[in-house]
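Peer 1: Here it is, the structure in full.
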Amino acid sequence: MRLALSNLSSSIPEWRFVIVPESRWQEAADRFGVKRTTPAFSSLDIRTTYVERNLLSQDARIDENFQRFTGSNGARRLVWVMAHEYGHILCQTSDERKASEAAGRLIYGRGQVCR
């Protein structure tokens, strides 16, 4: 997780990242009102990002659930998902499209992340 976050050209002070075991993921998603198939989500109000433990696997297989979000796998998949969550956080948005666009700018080191 730290390696993936270090690949992004930004940091977020006083932000927590919580890794949730697969066995508790559905409960966490339900509690925050997000789709159970979402691999990670952020709560802007409590400055916390929740990450499903499966996302941290370096397994080379393509997981069908993650395939909907990115064709990457392993470490690159984690970097993309974390960049997407950073997009939500840095741009203070719940808009998935805006977060994905910001993720691309973060990954490629573009200066102005939020537009």
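Peer 1: Using protein chains only and a probe of 1.4 angstrom, how many square angstrom of Glu27 are accessible, to the nearest 10?
Peer 2: 80
Peer 1: How far, in nm, would the chain grow between Leu56 and Thr93 when pulled straight, counting 0.36 nm per residue and subtracting the alpha carbon separation?
Peer 2: Details: separation 37, 0.36 × 37 = 13.32 nm, distance 2.44 nm.
Extra length available between Leu56 and Thr93 comes to 10.9 nm.
Peer 1: Now, a different point. For Ala75 and Arg47, compute 0.36 nm times the residue count separating them, minus their Cα-Cα distance, and round to one decimal in nm. Walk me through the numbers before you get to the answer.
Peer 2: Working: separation 28, 0.36 × 28 = 10.08 nm, distance 2.38 nm.
The span from Ala75 to Arg47 would gain 7.7 nm if fully extended.
The values are calculated or read from the model by the stated rules, or taken from the named source; none is laboratory data. Worth saying up front: this structure is predicted, and the values here are computed from it rather than measured. What goes into the accessible areas is simple: the full protein's heavy atoms, side chains included, and nothing from ligands, DNA or RNA. Shrake-Rupley method; radii C 1.70, N 1.55, O 1.52, S 1.80 Å.
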